[in-house]
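Just below is one structure, and these are the notes that go with it.
FYI, it's all coordinate maths here, none of it is from the lab. Keep in mind that this is a model prediction, so the values were computed, not measured. Reconstructed Cβ throughout: ideal geometry from the backbone, glycine too, with neighbour counts over all protein chains shown.
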Amino acid sequence: MEHGLAERYARFARFEAAGQSPLYEALAWHVSQSQAALDFLSRLPPDRQQPNLLFAAIRHATGGTVAPSDMTATLNARSDAIAAVMMARTTQTNEPGRCAVLMPVLSRIPGPIALIEVGASAGLCLLPDAYGYAWGQHFLPPPSLPGAAAPTFTCDASDKTPLPFRHPEIAWRAGLDLNPLDLRHAADVAWLESLVWPEHEARLARLRAASAVAREAPPRVEAGDLMQDLPALIAEAPREATIVVFHTAVLAYVRDQADRDRFADLVQGTGAVWISNEGPRVFPQFAAGLHGRRENMFLLAANGAPLAWTGPHGQAIDWIGPNV
Ligand SMILES: C[S@@+](CC[C@H](N)C(=O)[O-])C[C@H]1O[C@@H](n2cnc3c(N)ncnc32)[C@H](O)[C@@H]1O
C-alpha cells in the first residue's frame, strides 16, 4: 500500500510536476521517500491521497507553501487541519484559460447557443463570451462591458486553427457540478486559489480577474451528477437555441470507462452539440485513428470527432481537424 503511494508520488514528480512546478516536484519526491508522510497519507481513504489534493490542502491549512525540508514537521504539527481539508475538499481547479481552446469550436456554432457545462466547478468556463483572447497575433478583445476588467487569455495556436473574429452568441447558460463552488464565499475562493500551482502566478492573476467578472453576473451552476442530472438541465434550455454540452478536465473523475461511454451515449442521444476537452485516455476511441498520442495534452473533440490537441490549461491549441 505505502509502496504504491510512494510510487504514485514519484510518478507525479517525474511526469506531472517536472518542468511545471519545481516546488511540487521537490515536495512529491520528498513524500515518496518520507515514511512519516506516507503514514499520514495511508490513514486517508484512497480517493483522498492525490498529490494535488495534499499540496493544496497544506497551502490552504497553513496559509502558504512549505519547503520540502519543512514538510514532515508541518505534517506532524498540522496533521488534523490538513487531513480535514483533504476530507472536505476535492480537486476542483477552475481554469478559465481553457476557454481559449473552446472558442474556435464555440464561435463556429450558429447562435443563439444554450451552453451547458458539466463539471463546471465555479463556472468560470461558462463565460467564454466575457473574456478577451490573444492567439499569437490574432486578437479578440473582451466585450466592453461595465464593471470589472475582463482578462485576456494568451494561447499558442497552430497555423491551421480556425481562429474566431467574434464571440459566440450565448443566450442561456448553466453548469452542473457534484459540488459547485461559490465565488461569493471566501473559503471557496481561497480553495480555488490554493489549487493553482505555486509558480503559476499568471494563472492565479487570470483566475482572480475572471472571478471578478463572474461575480458581477454569476453563472448558474447546479449541484448534480453529470450521469443523472444532465437531461433535466437540457430540458430547461430554450428550444430555439442550439444546445451545446461541454466538459474540460472532468471525465477523468468518472473512473469506469463503461460509465464514461454511457455518458457519451447519453449526450449524443440528446441531439446536443457535444464538446469534449479531456486527456487522450479518457475517450481512447477518439484518439484511436490519430498518428501518435500526446500524453501531456488534452484532445478536443466535437461529437466524437477529434479536432485539436490542446494545452491542459488552455495555453496551446494544435488543430488536427478538417480545414475550415
Ligand atoms: C478539475 S475540475 C474542472 C473544472 C472546469 N471544467 C474547468 O475546466 O476549469 C473537475 C470538476 O468536475 C466535477 N465533477 C467530477 N465528477 C463529476 C460528476 N460525476 N458530475 C458532476 N461534476 C463532476 C468536480 O466536482 C470538479 O469541480
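Summary table below
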read-out: For the range 21-157: rounded, prolate or oblate by the Cα gyration tensor [a/c cutoff 1.5]; value: prolate
read-out: Tensor-based shape of the range 117-265 (alpha-carbon gyration tensor, a/c under 1.5 rounded, otherwise prolate or oblate); value: rounded
read-out: Order of Ile170, Ile116, Ile109, Ile317 - criterion: other Cβ atoms within 10 Å of each residue's Cβ, fewest first; value: Ile109, Ile170, Ile116, Ile317
read-out: Globularity index of the range 221-266, i.e. its alpha-carbon radius of gyration over 2.2 N^0.38 Å; value: 1.24
read-out: Length gained when the stretch Asp259-Ile320 is fully extended (0.36 nm per residue, less Cα-Cα span); value: 19.2 nm
read-out: Crossing angle, helix 201-216 versus the chain [Cα axis fit, 0-90 degrees, rounded to tens]; value: 60 degrees
read-out: Sequence of Glu236, Glu278, Glu193 once ranked by neighbouring C-beta atoms within 10 Å, starting from the fewest; value: Glu236, Glu193, Glu278
read-out: Distant alpha-carbon pairs in the chain (separation over 38 angstrom), percent; value: 14 percent
read-out: Centroid-to-centroid separation of the range 239-291 and the range 41-66 [C-alpha atoms, Å]; value: 29 Å
read-out: Expected 222 nm ellipticity per residue - DSSP helices of 4 or more, -39500 (n - 2.57), all of the chain, to 500; value: -11000 deg cm²/dmol
read-out: Residue order, fewest to most surrounding Cβ atoms within 10 angstrom, among Arg262, Arg255; value: Arg255, Arg262
read-out: Degrees, to the nearest 10: 51-62 long Cα axis against longest axis of the chain; value: 70 degrees
read-out: Degrees between helix 79-88 axis and first principal axis of the chain (Cα, 0 to 90, nearest 10); value: 20 degrees
read-out: Nitroxide proxy distance, nm - points 7 Å out along Cα→Cβ at Ala26 and Arg166; value: 5.1 nm
